[in-house]
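Have a look at the structure below before the remarks.
The values are calculated or read from the model by the stated rules, or taken from the named source; none is laboratory data. Note that the structure is a prediction, hence the values are computed from the model and not measured. So basically every Cβ, Gly included, is an ideal-geometry build from the backbone, and we count neighbours across all protein chains shown.
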Amino acid sequence: MESIAIDQTDLLLLDALQQDASLSNQALAARAHISPPTCLRRVKRLVDSGLVEKQVAILGVDKLTPLLGHGLTAIVEITLERQGEEAQAAFEQRVAADAAVQQCYRVSPGPDFVLIVHARDMPDYLALAQRLFTADANVRNVKSYFSVKRSKFGTRVPLPARLPG
């Protein structure tokens with residue numbers, strides 16, 4: 001991966017985009033105290049470099065619940081039988097491709113992976129568990145925790161107010 005240098009203006013842009021990626025280029029430029037053409041060029045560079053991976057809409061779960069039902073969120077610990085790089089990469093690739101898996105982390109110590117998964121209901125979760133865990137001969141242990149309330153949900157990466165140095 002090619003290295004990219006960022007400055008204070010880039011930090012302002014990244015922070016503003018994390019708060020609201022739907023800002024117009026004009027509004028974003030005003031927040032970063034730069035001209036709109038400069039803003040457009042800098043944001044494109046940040047996106048092209050991979051510092052901005054994607055822009056998404058975060059849905060209002062509480063407002064969707066009456067329309068779609070509560071659904072089921074589970075935090076799942078996975079321990080593999082074999083922990084070699086190839087076995088971990090194969091498991092990681094398989095679960096990352098499943099739409100029900102919202103987040104996947106390799107962790108240490110303890111289990112090999114922690115997943116955040118979402119299912120419509122318990123039968124849907126059981127189908128997911130069969131598909132991703134039970135059918136995989138390399139999965140040794142699965143421990144699931146079911147969320148009864150979401151107290152906080154965030155996507156923001158904390159950025160320093162100023163660059164070091």
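At-a-glance table
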quantity	calculated
Of all residues making up the range 49-106, the number that are under 23 Å from Y125 (Cβ atoms) and either β-branched (V, I, T) or touching a Lys or Arg at 6+ places or on another chain (Cβ under 8 Å) (or both)	18
Qualifying residue in the range 78-88 (condition: β-branched (V, I, T) and without any contact (Cβ under 8 Å) to a residue 24 or more places away in the chain)	no
Matching residues, the range 58-74, being in contact (Cβ under 8 Å) with a residue 12 or more places away in the chain and either within 13 Å of V107 (Cα to Cα) or outside any strand (DSSP E or B) (or both)	I58, V61, G69, G71
Among residues of the range 97-126, those that are under 20 Å from I58 (Cβ atoms) and among the hydrophobic types (A, V, I, L, M, F, W, C), counted	8
Matching entry among L23, L72, L17 (being under 30 Å from F146 (Cα atoms), touching a helix residue (DSSP H, G or I) at 6+ places or on another chain (Cβ under 8 Å) and surrounded by 14 or more Cβ atoms within 10 Å (Cβ to Cβ))	L72
Given (1) surrounded by 12 or more Cβ atoms within 10 Å (Cβ to Cβ); (2) at pLDDT 90 or above, index of the condition L163 fails	(2)
Matching residues in the range 50-64 - criterion: being among the β-branched types (V, I, T) and either loosely packed, with under 10 Cβ neighbours inside 10 Å or under 17 Å from Q19 (Cβ atoms) (or both)	V52, V56, I58
Failed item in (1) surrounded by 14 or more Cβ atoms within 10 Å (Cβ to Cβ); (2) without any contact (Cβ under 8 Å) to a residue 24 or more places away in the chain, with C39 passing the rest	(2)
When residues of the range 27-44 are limited to those that are in a helix (DSSP H, G or I) and of a type in the set (V, I, T), the one farthest from I6 (Cα to Cα)	T38
Residue that is surrounded by the fewest Cβ atoms within 10 Å (Cβ to Cβ) [pool: residues in the range 122-142 that are among the polar types (S, T, N, Q) and either modelled with pLDDT of 95 or more or touching an Asp or Glu at 6+ places or on another chain (Cβ under 6 Å) (or both)]	Q130
Test: residue in the range 112-121 that is within 30 Å of K44 (Cα to Cα) and surrounded by fewer than 14 Cβ atoms within 10 Å (Cβ to Cβ)	no
Single residue of V114, V142 found to be assigned to a strand (DSSP E or B) and closer than 30 Å to L11 by Cβ	V114
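This table checks each residue for (1) out of contact with any helix residue (DSSP H, G or I) (no Cβ under 8 Å at 6 or more places or on another chain); (2) under 23 Å from T155 (Cα atoms); (3) in a strand (DSSP E or B).
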| residue | (1), (2), (3) |
| --- | --- |
| I78 | no, no, yes |
| Q88 | yes, no, no |
| V95 | no, yes, no |
| Q102 | yes, yes, yes |
| S108 | yes, yes, no |
| D124 | yes, no, no |
| R131 | yes, no, no |
